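S.K.: Sharing a structure, written as structure tokens. Questions coming.
The values are calculated or read from the model by the stated rules, or taken from the named source; none is laboratory data. In this text, all values refer to a predicted model and were calculated from it rather than measured experimentally. Cβ: placed from backbone, ideal geometry, glycine included. Neighbour counts: every protein chain shown.
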Amino acid sequence: GDLAEAMNVNVAEVISKGFAMGMMFSINQRLDADQITLLADEFDFEVEFMNEDEEVLDIIEEDEPEDLKPRSAVVTIMGHVDHGKTSLLDYIRTENVVAGEAGGITQHIGAYEVTLENGREMTFLDTPGHEAFTAMRARGAQVTDLVILVVAADDRVMPQTIEAINHAQAAEVPIIVAINKIDREQANPDKIMSELAEQGVQVEQYGGKIQCELVSALKGTNVDSLLEKVLIESDLMELQANPDRNAVGTVIEAQLDKGRGVVATILVQNGTLKVGDVFVGGMTSGRVRAMFDERDQRVQEAGPSTPVQVLGFNDAPEVGDRLVVLDDEREAREIASKRVQLQREQTMHQRRHVTLADLSRRMAMGEINMLNLVVKADVGGSAEALSDALLKLSNDEVAVDIVHAGVGAISESDVMLAAASNAIIIGFQVRPGTGVRTIAENEEIDIRTYSVIYDAIEEVRAALEGLLSPES
Ligand code: GDP
């Protein structure tokens, strides 16, 4: 019905054209994108699809350049377990509060803002590690401007160090290296730098462009110079936002509190969020009833790069959901309920992510011209050999890219990375870890495991050449 109206033709005509093409539907049935494209083509129309977010983004006005003001950087700390991420976050949290500011940071709300001695501010997401980072990206949210990569000087570059590098690079977020634990006797920063260089991370001390500081999170040594480097890097990025407009932000934490209802931490990314504002957040909506900062102080408004706890959601949003302030409460409700309905239908209708089996069809539809792969193998040599061979399968229509190649069982983090970069996971002599299969099914990520390298290469090649039958 809607399609007929949009094309200004009779509904019966659309239905009969569809019938002639082997599609049966009624007037109020929702069609999928392929069906709409085919039908519209019959009537000489070209279709341009807008996703639900664009619908809202349409409401969000573009900023005029003269309205933009500098905003502070949002930083995530990543690195291998036990290399000192939490210690560094804690040191920065306790030491770098403005002189005279009462209390320090008392609440864990998922992020905090610090003011340095020179008066400049920066915001840290305080869920260390790349899980949160990638989970957010999997939902299309990019909140981090900069990554601090922590590597312990008394250890070495570890699998999670490499993962963190790949995650940051996939998100195109600049890295600043913090070589930690330099107070330890066994500390060998030079070794770390050369190992990082092997991973393509060339630090300044090695003639590269990536800033690197030797720190001790435990003693606080050089943490101030590390933060100075963050400032330099963020200055280069010329981060800007317009504080004088309706807020747009991202949900970075959400929980149900017995007394207060839904409590969500929002990182404001543009505009200023104020008490009383009406908003839509993912599939839910609401009105800001009260806001609190990480010092548990009530605040009336929160500007760009500021994290705040927000009360007033009608329902719990999901981490990574975008929050958009609207002028009209009814509009907010309508958008939220429309999204719920759309999502219900979409999960029935189509796969979000690419699978090897539907690759050929989607290539033919022009939906895909890039095949991203996450490669996991039992030993490093195989991961490399397999990656090299897969890269060479690129052809005129599709470029193959390896988002991450690593050693070990297929993990939740691999699935989240695949979801974030719309990739297929190829496992050689490895299987998904416990529970990972289920997560992959929920995220609709295709995991393919092989015990012969040749089979893996041949199957991907067949899919790229359109020879793989859709059932396989
Ligand atoms: P995370 O797993 O990366 O968050 O690492 P943690 O911050 O929990 O640190 C792991 C261990 O290393 C803890 O026992 C810390 O006390 C210790 N540690 C962290 N930073 C330093 C440091 O700069 N020097 C020393 N000697 N120990 C550190």
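S.K.: How about the stretch 185-194: which of its residues are under 10 Å from V151 (Cα atoms) and either within 13 Å of the ligand (Cβ to nearest atom) or not aliphatic (A, V, I, L, M) (or both)?
M.R.: Within the stretch 185-194, just P189 meets the criteria.
Every residue, every condition in (1) surrounded by fewer than 16 Cβ atoms within 10 Å (Cβ to Cβ); (2) in contact with a strand residue (DSSP E or B) (Cβ under 8 Å, 6 or more places away or on another chain), yes or no:
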site	(1), (2)
L359	no, yes
G366	yes, no
M370	yes, yes
G406	no, yes
I426	no, yes
D446	no, yes
Y454	yes, no
I457	no, no
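S.K.: So which residues in the stretch 220-264 are assigned to a strand (DSSP E or B) and either without any contact (Cβ under 8 Å) to a residue 12 or more places away in the chain or at positive phi (or both)?
M.R.: Selection gives D257, G261.
Rundown of residues vs (1) within 16 Å of the ligand (Cβ to nearest atom); (2) assigned to a loop (DSSP other than H, G, I, E, B), yes/no style:
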{"site": "V173", "(1), (2)": "no, yes"}
{"site": "A178", "(1), (2)": "yes, no"}
{"site": "D183", "(1), (2)": "yes, yes"}
{"site": "G200", "(1), (2)": "no, yes"}
{"site": "Q205", "(1), (2)": "no, no"}
{"site": "G208", "(1), (2)": "no, yes"}
{"site": "E213", "(1), (2)": "yes, no"}
{"site": "L218", "(1), (2)": "yes, yes"}
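S.K.: Scanning the stretch 7-36 for residues that are in contact (Cβ under 8 Å) with a residue 40 or more places away in the chain and in a loop (DSSP other than H, G, I, E, B), which turns out nearest to the chain's Cα centre (by Cα)?
M.R.: That would be D32.
S.K.: Could you grab me the full set of residues in the stretch 220-250 that are of a type in the set (A, V, I, L, M, F, W, C) and within 14 Å of the ligand (Cβ to nearest atom)?
M.R.: Within the stretch 220-250, V223, L226 qualify.
Yes/no per residue for (1) at pLDDT below 75; (2) assigned to a helix (DSSP H, G or I); (3) among the β-branched types (V, I, T):
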{"site": "T134", "(1), (2), (3)": "no, yes, yes"}
{"site": "G140", "(1), (2), (3)": "yes, no, no"}
{"site": "V143", "(1), (2), (3)": "no, no, yes"}
{"site": "L149", "(1), (2), (3)": "no, no, no"}
{"site": "D154", "(1), (2), (3)": "no, no, no"}
{"site": "T161", "(1), (2), (3)": "no, yes, yes"}
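S.K.: Just to be sure I understand, how many residues within the stretch 428-444 are in a loop (DSSP other than H, G, I, E, B) and surrounded by fewer than 18 Cβ atoms within 10 Å (Cβ to Cβ)?
M.R.: Number satisfying all stated conditions: 6.
S.K.: Got a number for residues in the stretch 131-148 being surrounded by 24 or more Cβ atoms within 10 Å (Cβ to Cβ) and either within 16 Å of the ligand (Cβ to nearest atom) or under 15 Å from K181 (Cα atoms) (or both)?
M.R.: Residues meeting the conditions: 3.
S.K.: Give the stretch 255-274 a look and list any residue that's touching an Asp or Glu at 6+ places or on another chain (Cβ under 6 Å) and closer than 16 Å to A316 by Cα, or say none.
M.R.: The answer is V263, T265.
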